[in-house]
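Colleague: Let me begin by handing over the structure; questions about it come next.
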Amino acid sequence: MNVFELWASISLDDNEFLKKLQSAEKQVQGFGSKIGGALGKVGKVTAGIGGVFAGAAAVGAAALNGLAESTEEYRIAMGKLNTAYEAVGLGQEAANTAFSEFYKILGDTDTATEASQLLSNLAKSEEDVNKWTTVAAGVMGRYGDSIPIEGLIEAANETVKVGEVTGSFADALNWAATEGADWSAALASNSQAQAAFNEAISDGATTEDAFNAALAACSTEQERTSLTAEAMLAVYGDSAAIFHENNQAIEEARQNQQLFQA
């Protein structure tokens, strides 16, 4: 008997068959309702997850935008400094060293950038960068904002170029002399300059005028640059060490801030 013959043999009066058929129909409808409900819930969950991801994306975008804004000043500063230091053959590492050290001392991006740019015209090597940032820490520790660091670096730059003490460099020279700093000993790296200084002092010259005589005893700008850095380091190096020791916590915080920006 094929399926058609089987179907034809089933009577509509077959209550048992009809009951089974109705039961099966209800089960199928019930299953369909459950499936439909489940799919509806899945749709809602999916929509919810989509909302979460959309929200997270929006928060992430806002955070990135905020981060870009908060680091913009730093990125602009490093763009300037990398350019300045590469132009004089010192490179990005020296630029980063200068900014890092000045920022630890000063805690201000603009001032640290200005001082670093000025130092790019004064320093001839990364060792010079380290010397002058050490001097800056010593001067800051002893005189604070009375001798602005960017002004000191600018004046030192002018001093070695023209061979005569100028600006804030004169203050750093004279104030330390008043405190009893032995500038003659500080000039020991250049015997001719030291001799000229001592002779001027013997003739009654002021410390500033005697230092000018020491500068005049140098035959090149490079000699004056080296003499000035060594002399300042000899006078202010110890103060720098004390300054860093007493300000360790705040310098570490500033260093971490710079690392975050970088």
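The values are calculated or read from the model by the stated rules, or taken from the named source; none is laboratory data. Being a predicted model, the structure only gives us computed values, none of them experimental. We place every Cβ from the backbone using ideal geometry, glycine too, and count neighbours over all the protein chains shown. Surface areas here come from the heavy atoms of the whole protein model, side chains and all, with no ligands, DNA or RNA. Shrake-Rupley method; radii C 1.70, N 1.55, O 1.52, S 1.80 Å.
Colleague: Can you name every residue in region 225-249 that is touching a residue at least 40 places away in the same chain (Cβ under 8 Å), open to solvent by 60 Å² or more (accessible area, probe 1.4 Å) and either polar (S, T, N, Q) or in contact with a Cys (Cβ under 8 Å, 6 or more places away or on another chain) (or both)?
Modeller: Of everything in region 225-249, just one residue is touching a residue at least 40 places away in the same chain (Cβ under 8 Å), open to solvent by 60 Å² or more (accessible area, probe 1.4 Å) and either polar (S, T, N, Q) or in contact with a Cys (Cβ under 8 Å, 6 or more places away or on another chain) (or both), namely N246.
Colleague: State which residue is nearest to A262 (Cα to Cα) when the search covers only region 77-91 and only residues that are outside any loop (DSSP other than H, G, I, E, B) and either open to solvent by less than 40 Å² (accessible area, probe 1.4 Å) or among the polar types (S, T, N, Q) (or both).
Modeller: Among residues in region 77-91 that are outside any loop (DSSP other than H, G, I, E, B) and either open to solvent by less than 40 Å² (accessible area, probe 1.4 Å) or among the polar types (S, T, N, Q) (or both), the one nearest to A262 (Cα to Cα) is M78.
Colleague: What pairs come out if I take residues in region 100-117 that are farther than 11 Å from A77 by Cα and free of Cβ contacts under 8 Å to residues at least 40 places away in the same chain and pair them with residues that are open to solvent by less than 50 Å² (accessible area, probe 1.4 Å) and of a type in the set (S, T, N, Q) whose C-beta lies under 6 Å away, six or more apart or interchain?
Modeller: E101/T133
Colleague: Going through V139, V162 one at a time, which residue ends up being in contact (Cβ under 8 Å) with a residue 60 or more places away in the chain, under 28 Å from A213 (Cβ atoms) and over 17 Å from the mean Cα position of the chain (by Cα)?
Modeller: Result of the check over V139, V162: V139.
Colleague: Condition check: open to solvent by 20 Å² or more (accessible area, probe 1.4 Å), at pLDDT 95 or above and acidic (D, E). Does E252 satisfy that? Break it down stepwise before answering.
Modeller: Details: open to solvent by 20 Å² or more (accessible area, probe 1.4 Å): yes; at pLDDT 95 or above: no; acidic (D, E): yes.
The answer is no for E252.
Colleague: Please count how many residues of region 55-102 are among the small types (G, A, S) and at pLDDT below 60.
Modeller: Pass one, region 55-102, residues among the small types (G, A, S): 55-58, 60-63, 66, 68, 70, 77, 79, 84, 87, 89, 91, 94-95, 98, 100.
So of that shortlist, the ones also at pLDDT below 60 come out as 55-58, 60-63, 66, 68.
Qualifying residue count for the region: 10.
Colleague: Against the definition (closer than 19 Å to E230 by Cβ, modelled with pLDDT under 95 and of a type in the set (D, E, K, R)), how does D145 come out, yes or no?
Modeller: In short, no.
Colleague: How about region 112-130: which of its residues are surrounded by fewer than 21 Cβ atoms within 10 Å (Cβ to Cβ) and under 24 Å from A176 (Cα atoms)?
Modeller: E127, D128, N130, listed by residue number.
Colleague: Within region 190-212, track down each residue that is among the small types (G, A, S) and open to solvent by less than 30 Å² (accessible area, probe 1.4 Å).
Modeller: Of everything in region 190-212, those that are among the small types (G, A, S) and open to solvent by less than 30 Å² (accessible area, probe 1.4 Å) turn out to be A193, A196, A200, A210.
Colleague: G151: modelled with pLDDT of 95 or more, under 22 Å from G237 (Cβ atoms), out of contact with any Gly (no Cβ under 6 Å at 6 or more places or on another chain) and surrounded by fewer than 19 Cβ atoms within 10 Å (Cβ to Cβ), yes or no?
Modeller: Yes, satisfied.
Colleague: Which of the residues spanning region 206-260 are within 33 Å of the chain's Cα centre (by Cα) and among the aromatic types (F, W, Y)?
Modeller: Y236, F243, F260
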